[in-house]
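Asks: Here you go, one structure.
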Amino acid sequence: MNYELLSKLSMEEAEKYKNEALILRSRNEIIYQEIGKLKAIIEKLEKENSNLKEEINTFKDEINSLKSVLEFKKDENSHYSHYS
């Protein structure tokens, strides 16, 4: 076989692999950027979830406090109803 032809084919194949490697490197970089964005979104959502849970607990505490006040008022009214 012709060594010049083999050399040319080899250089073309090497160039093809070089281009594929560049494309894969670019894709990899894009994927890592997207992963970073998704991690930031997940972190933001987890923080928001935590804040909402705290808010729910605050509301539960307020509800329990209001229930206690309501029970106290009912008890107070039942004890002093004969004065009215």
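The values are calculated or read from the model by the stated rules, or taken from the named source; none is laboratory data. Note that the structure is a prediction, hence the values are computed from the model and not measured. When we count neighbours, we look across all protein chains shown, and the Cβ atoms used for this are built from the backbone with ideal geometry, even at glycine. For accessibility, only protein heavy atoms count, side chains too; no ligands or nucleic acids. Shrake-Rupley method; radii C 1.70, N 1.55, O 1.52, S 1.80 Å.
Asks: Quantify, in whole percent, the carbon and sulfur part of the accessible surface of the chain (1.4 Å probe; protein heavy atoms only). Display every interim value, and only then the final one.
Replies: On the way: 4860 of 8380 Å².
Looking at the chain in its full context, I get 58 percent from C and S.
Asks: Okay, next question. Can you run the Rg to Rh ratio on the chain? Use alpha carbon positions and the Kirkwood inverse-distance Rh. The partial results should precede the final answer.
Replies: Values: Rg = 35.9 Å, Rh = 20.0 Å.
My calculation of the ratio gives 1.79.
Asks: Helix 3-79 against the longest principal axis of the chain: what's the angle in degrees, Cα atoms only, rounded to the nearest 10?
Replies: That helix lies at roughly 0 degrees to the long axis.
Asks: Cα-based Rg of region 1-47 per 2.2 N^0.38 Å, rounded to two decimals?
Replies: Here the answer is 2.13, to two decimals.
Asks: Considering only the other residues whose Cβ falls under 11 Å of the Cβ of E46, what net charge follows from Lys and Arg at +1 and Asp and Glu at -1?
Replies: Working: positive: K39, K44, K47, K53; negative: E43, E48.
Net local charge, E46 excluded: +2.
Asks: Could you tell me what a quarter of the Cα convex hull surface of region 29-72 works out to, in nm² with one decimal place?
Replies: Result: a mean projected hull area of 2.5 nm².
Asks: Let me ask something else about it. Over the chain, average the accessible area per residue using a 1.4 Å probe and give it in Å², no decimals. Don't skip to the answer; put the middle values down first.
Replies: On the way: 8380 Å² over 84 residues.
About 100 Å² of surface per residue is accessible.
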